[in-house]
């Protein structure tokens, strides 16, 4: 599997502020890639560098094997881009705007028409006859995805596509992105971790101008497998019995917690509960969630 | 996408924008009015003078019979167009570039490979097209009425004088292109163009320099009466044309480095 996007050692500063100091990551084909970081971490800067709207101080970016150059980036023919707050020409209809985008992308008019119908159906705007100026934020975001996909890009870049939307709008956008991910690679930034968990195959955490952690979500989960077991006895005093048997465990709020518990540990714990006739109201094997991983990565 | 197809696509978009926003209609209406106003004012002059005759008489001015000629109409043209006409045009196009940068509407298109030069060229072309259309429409109306009511042949070199004024307008539009390549708002662009205009007028006060300045093209009084010849204006024409080209060329590298 080849990589659609490869970023190596990307550096960028604005004035005295070093925003990116050696970002390295790669997005393989047909993958939904979540790019996570706090506000101001440099997600937009990275994305704008990929589409050649910003000039990096150092490092290399290749898209489909071709090097990205600043200014008239030729590699943009492989890319569809959705800015964080997309602004369109309010006096056009969605259809007219997509036609403009298609022409700019160098498509034939018959192809534009066909693709426009297809995309407007995908983003749920095919019945919309009004001009863009009356659109809600969610509708603009959906049109934004449609314009980004018009020339069947190999890589779809979305800058925080869900951050300003209500729960319904967010769900719609995520579903569209997931759908789009079947035909193209999706590289999207966000600070909403549940979005990543819902649709991404891979993730990268950006912190301190570098990628602090990246890879397949499942692998990362396993790697960071802080799979604690938490037991809440009916009688809080019983937790102490467990603590006696398992020296690694800790007591907390009447619960017994065993960090980094293996499968065997869990079985032993269950056996111990049975032998000591402890009434248990909750026995929980904790899944590592991204939020915890993220907090750990950014050191908070 | 090639520069040429980008240019045509974006010019189409600009014309649609001007049409749908209603700005084109307002612009054309105002320039038609500016055109009609010149012969109308000339036509009304005797009537105005007559109606004011009594009050003028008490202040010691006697009004004799006044014969209106095409000259009066053309004098009005060369009074109104360099002021109201140019002001209207510059104000309308002051934010033509900067508003797109400010709103971020260009980003999706640039990300699709539209060249910045194609955008700048399309915008420049649209401005020149609209200015020329409005201006020559105004000219045509003044010409037709003046010839219908009176006789244009008593006026010398009005076509050349009109060309000079048009060229001066072109220069101001090129100033907009130049200032827009780095200015952040339409206010800054207007300030820049205003500063150029004022600077030219101040320099024009220095006797010997004035005829080399583009602003010399707006002084057409002597041309109309035949006291001056078009050849007297050749330096100002050349300098205006050269300055326009230089401003356009200078804006190219600045625009391409601009952060969007």
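The values are calculated or read from the model by the stated rules, or taken from the named source; none is laboratory data. This is a predicted model, so every value here is computed, not measured. Using ideal geometry, Cβ is built from the backbone for each residue, glycine included, and neighbour counts are taken over all protein chains shown.
Remarks
- For residue A:90, the test of being more than 12 Å from every other protein chain (Cβ to nearest Cβ) and in a loop (DSSP other than H, G, I, E, B) is failed.
- Inspection of region A:38-48 finds no residue satisfying the criterion of being in contact with a helix residue (DSSP H, G or I) (Cβ under 7 Å, 6 or more places away or on another chain), in the same structural domain as residue A:174 (by TED's automatic domain parsing) and either farther than 30 Å from residue B:99 by Cβ or touching a residue at least 40 places away in the same chain (Cβ under 8 Å) (or both).
- Test: residue in region A:107-122 that is surrounded by fewer than 18 Cβ atoms within 10 Å (Cβ to Cβ) and either within 11 Å of another protein chain (Cβ to nearest Cβ) or touching a helix residue (DSSP H, G or I) at 6+ places or on another chain (Cβ under 6 Å) (or both): no
- Test: residue in region A:62-74 that is more than 8 Å from chain B (Cβ to nearest Cβ), in contact with a helix residue (DSSP H, G or I) (Cβ under 8 Å, 6 or more places away or on another chain) and surrounded by 23 or more Cβ atoms within 10 Å (Cβ to Cβ): yes
- Residues satisfying the stated conditions in region B:86-100, i.e. buried (at least 17 other Cβ atoms within 10 Å of the Cβ) and within 9 Å of the chain's Cα centre (by Cα): B:86, B:88, B:89, B:90
- Residue identified as within 14 Å of chain B (Cβ to nearest Cβ) and under 24 Å from residue A:197 (Cα atoms) among A:169, A:144, A:138: A:144
Yes/no matrix, rows are residues, columns are (1) within 14 Å of chain A (Cβ to nearest Cβ); (2) within 30 Å of residue B:185 (Cβ to Cβ); (3) surrounded by fewer than 20 Cβ atoms within 10 Å (Cβ to Cβ); (4) modelled with pLDDT under 90:
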| residue | (1), (2), (3), (4) |
| --- | --- |
| B:73 | no, no, no, no |
| B:84 | no, yes, yes, no |
| B:102 | yes, yes, yes, no |
| B:109 | yes, yes, no, no |
| B:125 | no, yes, yes, no |
| B:140 | no, no, yes, no |
| B:149 | no, no, yes, no |
| B:163 | no, no, yes, no |
| B:167 | no, yes, yes, no |
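- Some residue of region B:53-64 being assigned to a helix (DSSP H, G or I), away from chain A (no Cβ under 13 Å) and modelled with pLDDT of 90 or more: no
- Residue list for region A:185-208, restricted to those being buried (at least 22 other Cβ atoms within 10 Å of the Cβ) and either at pLDDT below 85 or not in a helix (DSSP H, G or I) (or both): A:185, A:186, A:187, A:188, A:189, A:190, A:200, A:202, A:203, A:204, A:205, A:206
- As a summary of the residue check, residue A:98 satisfies the conditions (1) within 13 Å of residue B:112 (Cβ to Cβ); (2) within 9 Å of chain B (Cβ to nearest Cβ); (3) touching a residue at least 12 places away in the same chain (Cβ under 8 Å) except for the one numbered (2).
- If you check B:239, B:252 for being within 14 Å of chain A (Cβ to nearest Cβ) and touching a residue at least 12 places away in the same chain (Cβ under 8 Å), only one passes: B:252.
- Matching residues, region B:12-50, being buried (at least 18 other Cβ atoms within 10 Å of the Cβ) and more than 9 Å from chain A (Cβ to nearest Cβ): B:14, B:18, B:24, B:27, B:31, B:34, B:35, B:37, B:38, B:39, B:41, B:42
- As a summary of the residue check, residue B:179 satisfies the conditions (1) surrounded by fewer than 15 Cβ atoms within 10 Å (Cβ to Cβ); (2) without any contact (Cβ under 8 Å) to a residue 40 or more places away in the chain except for the one numbered (1).
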